[in-house]
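A quick write-up on the structure given underneath.
The values are calculated or read from the model by the stated rules, or taken from the named source; none is laboratory data. What you see is a predicted model, and the numbers here were worked out from it, not measured in a lab. Reconstructed Cβ throughout: ideal geometry from the backbone, glycine too, with neighbour counts over all protein chains shown. In case anyone asks, the SASA skips ligands and DNA or RNA and just uses the protein heavy atoms, side chains included. Shrake-Rupley method; radii C 1.70, N 1.55, O 1.52, S 1.80 Å.
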Amino acid sequence: MAPAKTMFAKLWDAHVVLERDDGQTLLYIDRHLCHDGSRQGFSKLKDQGRKVRRPDLTFASPDHYRPTDVKSVAEIQDDKMRAILEELSANAERFGIHHFGLDSGMDGIAHVVGPELGITLPGISLVCGDSHTATHGALGAFAFGIGASEVAHVFATQTLWQKKPKAMRVTVDGKLGFGVSGKDVILAIIGQISAAGATGHAVEYAGSAIRGLDMEGRMTVCNMTIEAGGRAGMIAPDETTFDYCNGRMFAPKGEKWDKALAYWQTLPSDDGAEFDTEATVDGNAIAPMVTWGTSPENVVPVTEAVPDPANEPDPVRRKTQEGSLDYMGLKPGTPMTDIAVDKVFIGSCTNARIEDLRIAAKVAKGRRAQVRTLVVPGSQQVKREAEAEGLDKVFTDAGMEWREPGCSMCVGMNGDLLEPGERSASTSNRNFMGRQGEGGRTHLVGPAMAAAASVSGHFADVRQLMEGSN
Amino acid sequence: MDAFTKWTAKAAPIDAANVDTDQIIPAPFLSRIRTEGYEGLLFYRVRRKADGEMDPDFILNRDDFKDAGILVADRNFGCGSSRENAAWTLVDNGIRSVIAPSFGDIHYNNEMNNGMVPVMLDAGICADLRRQLHANPGAEITVDLERNVVVAPDGKEHAFTIPAFNRERLLKGLDDVSFTLEQESDIAAYEAKRRDEADWLFE
Ligand code: SF4
């Protein structure tokens, strides 16, 4: 009998073009996603006078620089942003790649667009010049982020040189409580294993709590693998995955679907497969989480208080925590629910899919935003779906802003920003210093918790807010 | 890409863990094209105070360290965003090597793709190197890629490893793409096999 293999090993082996004696491996890339920030990769390709080897496998959608208050490129006021979006269209045309421009009705954040159009599928390798590419692993793919030189390399060769990462399994068993989402799961994991806990690893998330998540929740978990230092995150495909993929624009149809499905069912890790590193997290114990510092590992349940760095035994962590608190303007011992927010952002490739908006709307319904709140759907498709369900109305009735899809305040490159000293509750993935604007203070939360902070004006335990409503 | 054989330079200690690429180069500069250069932008915000003035306490603002060519950092250096601009910013400001217990995976590759040598050494050794640099501001470190050793200010040598594939390319200053294109027959064979066995992947 063949030795038991992890899903990661199966995915890796299926994409090996050649392996050198030193272990360096040339991997084939099945799908390459690009966005408006991939321009440096295109420039490199042009400088080298090369072509895109497989335009049919290359897909682009503008997201980072796209202002969320316009519907077309022509309306963009800022010359630089407009030029960047025009450049992407021009590059797409020149190299013949798929392009979902603002007039396509399909544009949005690359990591939202890929799965919803069926570009992302189980069993594939996928790269994108963006660190949150691990998102796509939620479908049972090997997906990872790359830099601009690597983007140019994939354009020209459809391959990448890689050293095989180690395999890690994070098992979350149990039943998630009311008001606890995929975001709380991944924040709890990072809080436990640290921001470097998965460095050098491809991470498989397993266990009953993970299997119980819908596809949106799974994507949220895989999305933030990079925040634990992981190269890639993945979840074994199952009926939830197959139902999600079936019928999507670029997904296989008819006989090809049947063949694909038969293959996808062989992907999950074999019983007894060995992982280099294992971690377990108790799913029953996870509460809604809020970050308090400038690394995603600085996280506590909303019921707790800002920790005291003096209690941290690891001197490196202690020092970093002190710096974090200073930047965040917080005192040890402050209950998280006493912290007032200035702005709320519901969006990003972590939490801007339809399920995220549904849960946020449930909390917002019949309440009033106490602070400026931006709701930015992840794609045009999500936006249409939400509008068909009347979610946009729920948000605007609550005094929140309903915007056009893009990265928006996740990275603040499109003009949606925090002012110096302003504090946000944000459903994005990074609370780094200045991430949402110079001097901005970011607290990461799930979509229900973001809506709860918006209608309360401070962090609030969404479970209390929604008591009796479920 | 410039070849890297041996690099001797003043080194600066960066004491914080999890130095992310947003700190190395903040988002507003990412739209700059490569040829514009990134000089003067390294740690743009971190090295300034809230009022925009340079923070005299930030290590790279101090006279002894401002022309450092090597950084000795703590764990998880370059975590976060995939922005290759972070590696460009380091190189354009004279940093050809970063020594740390661990790196963000994407940034690690980005450094090597820009003629830099990221050196992984034990956390204890890194802490000791930082101590030496604090005690002797302006002290030099050598990163010798031919011998795979770091020579510390106290003269001690510390061996390190770097993937052989990247080491070869760094020593010669070669770009991967031309090398990969020489493997064309393997790539074409793989593509043919893929089309055959996994036709569901294609329209
Ligand atoms: S939403 Fe944020 S994290 Fe996601 S791709 Fe855009 S900028 Fe990156």
Exercise for review: With all distinct Cα pairs included, what does the Kirkwood hydrodynamic radius of the stretch B:101-157 come out to in Å, to one decimal, could you say?
Suggested key: 12.4 Å
**Study point:** Radius 12 Å from Cβ of A:F459, net charge of other residues (Lys, Arg +1; Asp, Glu -1)
**Key:** -2
**Study point:** Mean-position separation - Cα centroids, the stretch A:245-274 and the stretch A:320-386, in angstrom
**Key:** 35 Å
Study note, to complete from the structure: Using alpha carbon positions and the Kirkwood radius, the Rg to Rh ratio of the stretch A:226-311 is 1.13
**Study point:** Helical mean residue ellipticity (222 nm; -39500 (n - 2.57) per DSSP H run of 4+; nearest 500) of chain A
**Key:** -9000 deg cm²/dmol
**Study point:** Interface residues, the stretch A:432-461 - accessible area loss of 10 Å² or more versus chain alone, probe 1.4 Å
**Key:** A:F432, A:M433, A:G434, A:R435, A:E438
Practice item. Indicate, rounded to the nearest 5 percent, the antiparallel portion of the DSSP beta bridges found entirely in the protein assembly as shown. Key: 30 percent
Practice item. List the accessible area buried at the contact between B and A, summed over both sides and calculated with a 1.4 Å probe, in Å² to the nearest 100. Key: 5200 Å²
Check your understanding: In whole angstrom, how far apart do the alpha carbon centroids of the stretch A:8-54 and the stretch B:81-135 sit?
Key -> 24 Å
Check your understanding: What is the antiparallel percent of DSSP beta bridges lying wholly in the stretch B:6-162, to the nearest 5?
Key -> 50 percent
Check your understanding: Of the heavy-atom accessible surface of the protein assembly as shown (probe 1.4 angstrom), what whole percent is carbon and sulfur?
Key -> 47 percent
**Study point:** Per-selection metrics, the protein assembly as shown (Cα): Rg and Dmax in Å
**Key:** 23.7, 70
Practice item. At 1.4 Å probe size, with no ligands or nucleic acids counted, give the accessible surface of A:F178 in Å², nearest ten. Key: 90 Å²
Check your understanding: Where Lys and Arg each count +1 and Asp and Glu each count -1, what net charge lies around B:P56 among other residues with Cβ under 15 Å from its Cβ?
Key -> -1
Review point. Shape call for the stretch A:88-186 from the C-alpha gyration tensor, a ≥ b ≥ c root eigenvalues: rounded (a/c under 1.5), prolate (a/b greater than b/c) or oblate?
Key: oblate
Study note, to complete from the structure: Sorting B:V91, B:V177, A:S72 by the position of each Cα along the dipole of the protein assembly as shown (Lys, Arg +1; Asp, Glu -1; all at Cβ), the one nearest the positive end of that ordering is A:S72
Revision key, fill the gap. Once both label points are put 7 Å beyond Cα along the C-beta direction, the A:E304-A:E19 separation in nm becomes 4.1 nm
Check your understanding: For the residue pair B:A139 and B:E184, what label-to-label distance in nm results when each label sits 7 Å from Cα along the Cα-to-beta-carbon direction?
Key -> 5.3 nm
Practice item. Give the accessible area for A:T337 in Å² (nearest 10); use a 1.4 Å probe, count only protein heavy atoms, and leave out ligands, DNA and RNA. Key: 50 Å²
Review point. What share of Cα pairs, in percent, lie more than 18 angstrom apart in the stretch B:6-162?
Key: 54 percent
Review point. Counting only heavy atoms of protein chains, what accessible area per residue, in Å², does the protein assembly as shown have with a probe of 1.4 Å?
Key: 35 Å²
Point to revise | A:A74-A:T280 pseudo-label distance in nm [points 7 Å out on the Cα-to-Cβ vector] | key: 6.2 nm
